[in-house]
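Taking it in order: structure first as structure tokens, then the write-up.
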Amino acid sequence: MFSQSNTTLRQVGEEELDILKERLACHLPHSLIVYGSVSLALHYGIHYLHPTSILVPADPRPSCLTITTLISKGVQCIGVFWSPAEHTALDVARFLFHIPDLNHSQPALLMGCASILQLSVSYITLHLLSPQYYMSSLKEEDALMVWTHWKANYFDKEDGIRHDIAHLPSVSIRKRSPTDSVESLQKEAGENLVSWIRTTKNGWMGNTFTQLQHRRKGLASKATLALAHQLLQKGLLAYVVIENNNTASMKFHDALGFKWQCDFCTLELLPVDKNI
């Protein structure tokens, strides 16, 4: 078992990601809270997840204890997974206290309070959009709209969303405007964003949203399956994280082939002199 005197954490190196991913894979689906970030870092490079960090114990003995941190501009989000066979809850609490750059005078969110649903099919049928719509990736200039319409935008800032859009897979659906020119049609289509979904630094698919006047047309379904297809083609997992009381989203994803995998909890860590 872990030595209480050693609570040092270090950044995981690029050369370690493959082995760490294998360790976490042994604990799927419960390790998905950090497995997704490790998978993205292995595929794209750790620098693409900035400012998210992937931390492991400095102790040379191997373990699957993995902590992901997003600490930027007042946002402090922590994801953690460990095996009880390797570390006690008290061990983990000591590690969390020694996270580099964590501001202990400010609240921090320990994710998640939600259910994880993973796509349970290997083959996805992609359906064509009606001619009035156009599918592409999100653009960096879409970041403000995506962030504004994200109910859980306290998990990240607009700049963080912009960074993810620039480097990670996403899908947008835009409405074409009437025009006589095919060239201007495509240009205008890029301006009228009506539905979207993106990949987060945690590896899951999220921020799904469709503008009110364009709902009940299957746009969210098509965008979700299109992004899932992209992720599966890259050898990544296609999964979502949904609040347990969001039954509508549960039913929506179940109809698309997503199946419940596990629950995990969110805790708000408060300074000792503050109350909820």
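The values are calculated or read from the model by the stated rules, or taken from the named source; none is laboratory data. Because the structure is a prediction, the values reported are computed rather than measured. Positions of Cβ are backbone-derived with ideal geometry, glycine not excepted, and every protein chain shown enters the neighbour counts. These accessible areas exclude ligands, DNA and RNA; they are computed on the full protein's heavy atoms, side chains included. Shrake-Rupley method; radii C 1.70, N 1.55, O 1.52, S 1.80 Å.
Restricting things to alpha carbons, find the Rg to Rh ratio for region 35-85 using the Kirkwood radius for Rh.
When Rh is taken as the Kirkwood radius, the ratio is 0.99.
If I compute solvent accessible area with a 1.4 Å probe over the protein chains, what percent of it on the chain is carbon and sulfur?
55 percent
Can you quote the Å³ per residue value for the convex hull of the Cα atoms in the chain, rounded to an integer?
Value for the chain: 136 Å³ per residue.
Helix 219-233 against the longest principal axis of the chain: what's the angle in degrees, Cα atoms only, rounded to the nearest 10?
It works out to around 50 degrees.
Enter the accessible area per residue of the chain (Å², integer; probe 1.4 Å; all protein chains in place).
51 Å²
With a cut-off of at most 15 other beta carbons within 10 Å, and DSSP calling the residue loop, which chymotrypsin sites (Phe, Trp or Tyr not before Pro) in region 44-153 qualify? Please list them.
Filter output for region 44-153: TYR123.
Considering only the chain, what is the antiparallel percent among its DSSP beta bridges, to the nearest 5?
For the chain, the DSSP antiparallel bridge percentage is about 95.
How high is the relative contact order of region 1-89? Use alpha-carbon pairs under 8 Å, at least six apart in sequence, and give a whole percent.
30 percent
Calculate, in nm to one decimal, what THR8 and ASN244 gain on full extension: separation in residues at 0.36 nm each, minus their alpha carbon distance.
Going from the current span to full extension adds 81.5 nm.
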